[in-house]
Amino acid sequence: MSNPRILLFDSGMGGLTVARAVAKQLPDAHLIYSADNAGFPYGAWKEKPLVERIRRVMGAFIDRSDPDVVVVACNTASTIAIAELRASFNQPFVGTVPAIKPAAAMTKSNIIGVLATPGTVNREYTHSLIHTYAYHCKVFLHGAPRLAEIAEQKLRGHRVDMAELADEIAPVFRKRDGGRTDVVVLGCTHYPLLTEEIAKVAPWDVSYIDPAPAIARRVADVVEETMLKGEDRSVPAHGTVLLTAARSETSETLAAYGTMGFPKHEIIDLPV
Ligand code: DGL
């Protein structure tokens, strides 16, 4: 039997936190990572152009890699475009959405913080997760404008500005009626890259939910249900990252991908 070929997708480096968990869960998988770094950050995009952008970019990545399964390792993309992607392509898709259901099951104070991108906090999808699973909780949703970029800079070897980080996370640490936030959902795949620093600047200890291990388990289930294609055409090698742009900080960016298990890269030309 051939190894499953899995395409992971994000706007940038955040999906590497999911790739790491998938590699652990499925050590024999052929992993290809893809990042729309020319479109980063997705958190600032308007909905309609973003959905169009994601479909176009995904089409190019799928053409190049012919995956068995696609993982949309990005909350901002999944909450807006997963239905569209499933309707447009034949592959099974596994998405990533803010872990509000497990947070509601875990909280004791019934006060939950959700850190996500400005795009994700505005989505209908996110609000419906709250209404369905956390209706009994007070949920503080915060669209952090700079957190994804701070995480990328850290992975490129730059220093994290702890005062700026403290400002980015402060709005989800709240007190109400004698209780306070005790669970914080990391609702953007970039944020687990900063867990240690976030815990250091947080005003008090809470539990942080990184959904990556749960996504990896779901990917394993989907792989088991999928007919694998095998190596019948030339595709990028395991450990390749597909990018949409050669950005100015290219060598640092490529080094960062290398440290996370993706030492090879290709720049993909998007169809006009
Ligand atoms: N990693 C992405 C997410 O999970 C988004 C970061 C961005 O492009 O704004 O939402």
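Derivation of every value follows stated rules applied to the coordinates shown; laboratory data play no part. Nothing here was measured: the structure is a model prediction, and the numbers come from that model. As a convention, Cβ positions derive from the backbone with ideal geometry for all residues, glycine included, and neighbour counts pool all protein chains shown.
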* Additional length obtainable on full extension of the chain from residue 252 to residue 264, 0.36 nm per residue less Cα span -> 3.0 nm
* With Rg and the Kirkwood Rh both taken from Cα atoms, where does Rg over Rh land for the chain? -> 0.96
* Two-site FRET efficiency, residue 176 against residue 220, from Cβ-Cβ distance with R₀ of 35 Å, rounded to 0.05 -> 0.35
* **Label-point gap, in nm, between residue 124 and residue 164 - each point 7 angstrom along Cα→Cβ** => 3.5 nm
* Asked: Taking +1 at the Cβ of each Lys and Arg and -1 at the Cβ of each Asp and Glu, which of 65, 90, 118 sits farthest along the dipole of the range 1-142 towards its positive end, judged by Cα position relative to the Cα centre?
  -> 118
* Built amide H within the under 5 Å cut-off of residue 209, gap 5+ -> 184, 185, 186
* Determine the percent antiparallel among the DSSP beta bridges restricted to the chain, to the nearest 5. => 5 percent
* What is the Cα centroid distance between the range 1-61 and the range 143-198, reported in whole angstrom? -> 22 Å
* Asked: Which whole-Hz ³J(HN,Hα) couplings does the range 30-38 yield from phi under the Karplus relation 6.51 cos²θ - 1.76 cosθ + 1.60, θ = phi - 60°, glycine and proline marked x?
  -> 8, 9, 10, 9, 9, 9, 8, 5, 6
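What is the calculated FRET efficiency for residue 48 to residue 195, with r their C-beta to C-beta distance and R₀ = 35 Å, to the nearest 0.05?
Values: r = 33 Å, r/R0 = 0.95.
Efficiency for this residue pair is about 0.60.
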* Structure fact -> Under the 7 Å Cα-to-Cβ spin-label approximation, residue 90 and residue 227 lie apart by a distance in nanometres of 0.9 nm
* In terms of the Cα gyration tensor, with a ≥ b ≥ c the square roots of its eigenvalues, is the range 164-270 rounded because a/c is under 1.5, prolate because a/b exceeds b/c, or oblate? -> oblate
* For residue 109, enumerate residues with amide H under 5 Å from its amide H, sequence gap 5+ or separate chain, H modeled in the peptide plane. => 182
* Asked: Listed here are the pairs 154/229; 24/264; 48/101; 101/154; which of them are more than 31 Å apart at the Cα?
  -> 154/229
* Asked: Relative to the first principal axis of the alpha-carbon coordinates of the chain, what is the inclination of helix 47-65, with its axis defined by its Cα atoms, in degrees from 0 to 90 and to the nearest 10?
  -> 40 degrees
* Taking only Cα atoms, what is the 0 to 90° angle, nearest 10, from helix 124-133's long axis to the longest principal axis of the chain? -> 60 degrees
* Near the amide H of residue 69, under 5 Å away, which other amide H atoms are found, from residues 5 or more places off or on another chain, if H is placed in the peptide plane? -> 5, 7
* To do: Give the peptides 157-163, 197-203 in descending order of average Cβ contacts within 10 Å, highest first.
  => 197-203, 157-163
* Along Cα→Cβ, 7 Å out, is where each label goes; now give me the distance between the ones at residue 237 and residue 207 in nm to one decimal. => 4.2 nm
* What ranking, highest mean first, results for peptides 262-271, 58-67 when packing means the other Cβ atoms within 10 Å averaged over each residue? -> 58-67, 262-271
